[in-house]
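Asks: Take this structure, written in structure tokens, and hold onto it; I'll ask about it next.
The values are calculated or read from the model by the stated rules, or taken from the named source; none is laboratory data. What you see is a predicted model, and the numbers here were worked out from it, not measured in a lab. Please note: Cβ atoms are built from the backbone with ideal geometry, for glycine as well, and neighbour counts cover all protein chains shown.
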């Protein structure tokens, strides 16, 4: 529908343009002493031939777009068309108005002017058409390039998310295996929690962003699974400002960071630890802080920069095109990860 409206508008503008030129052409000839009917016929034939010629140019350039290197041939084409049109008009007018000596005299004197008029009109419209098609082609190339880039980015995001699930699943199954013999009830509970966690994960598989409330539900399920695994050794404190619950976050962005905190804080100690998650909002940004204690004597800082953290950094860069959204801090025996997620 819009295409038809646009096409009809182009025809209307094109026809109006040539009608105006016919009027001006007629007026000029009449003003220099040519009879009105002769001036009108001269104007109509001249400008109709020009209109047809330029329409042919328009159609030709639609299917053949010369490169910048071949722009010379486009100008040569305009010159040859102007010569051909001028020759046709001179031949035709000499036959049509052979008895009008005043007109024939003016016709002979205006050969150069008529050629220049033909060349100017053909060259101008040819260049406008070529430029229009060239810009459309460049726009199409940019659009295809952006689409290809977006598809590649989405594929990489999907790949990163798919890597996270087996990574977490592998650890959980190991824990279930360890509990199955000694604590079957806890193993059964862990299987149920794992099932619910994975079910919610699959439901969000096609989403890039989810409300913080949904993401924190996944984190809660994950922590419950890990608490079955580690028992009283793992504690958590979660504080979220109520006005942040509906803010949007990348799906499954927090679980690998919480997993990273547990691994970094719990694996090298037999003492209980507390994972702390704080969420606040300010200036169209969502700030999420995840902190865990660690023993600098037995732990190494580079453990905090494993697959989970690096995958989150990469995902945030792909989604927001920024490298400054993830920060880590080590302050004595406390390791902290800070996420700053822009909100629209």
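Asks: Residue 100 - would you say it is modelled with pLDDT under 85, more than 29 Å from residue 130 (Cβ to Cβ) and surrounded by 11 or more Cβ atoms within 10 Å (Cβ to Cβ)?
Replies: Spelling it out, residue 100 is indeed modelled with pLDDT under 85, more than 29 Å from residue 130 (Cβ to Cβ) and surrounded by 11 or more Cβ atoms within 10 Å (Cβ to Cβ).
Asks: Now a separate question. Could you check region 102-115 and list, in sequence order, the residues that are free of Cβ contacts under 8 Å to residues at least 12 places away in the same chain and within 18 Å of residue 48 (Cα to Cα)?
Replies: Passing the criteria: only 113.
Asks: Could we say that residue 279 is under 26 Å from the mean Cα position of the chain (by Cα) and either at pLDDT 85 or above or closer than 19 Å to residue 219 by Cα (or both) here?
Replies: no
Asks: Separate question: Since residue 131 meets every condition but one in (1) over 30 Å from residue 253 (Cβ atoms); (2) over 18 Å from the mean Cα position of the chain (by Cα); (3) modelled with pLDDT under 80, which condition does it not meet?
Replies: (3)
Asks: Name every residue in region 28-53 that is crowded, with 20+ Cβ neighbours inside 10 Å and assigned to a helix (DSSP H, G or I), in order of residue number.
Replies: 29, 39, 42, 43, 46, 47, 50, 53
Asks: Suppose we keep only residues that are at pLDDT 55 or above and under 17 Å from residue 288 (Cα atoms) within region 300-310. Which one would you say is surrounded by the fewest Cβ atoms within 10 Å (Cβ to Cβ)?
Replies: So the residue we want is 310.
Asks: Could I ask something else about it? Since residue 264 meets every condition but one in (1) under 36 Å from the mean Cα position of the chain (by Cα); (2) crowded, with 20+ Cβ neighbours inside 10 Å, which condition does it not meet?
Replies: Just one mismatch for residue 264, condition (1).
Asks: So which residues in region 156-177 are out of contact with any helix residue (DSSP H, G or I) (no Cβ under 7 Å at 6 or more places or on another chain), at pLDDT 75 or above and surrounded by 13 or more Cβ atoms within 10 Å (Cβ to Cβ)?
Replies: Matches in region 156-177: 173 only.
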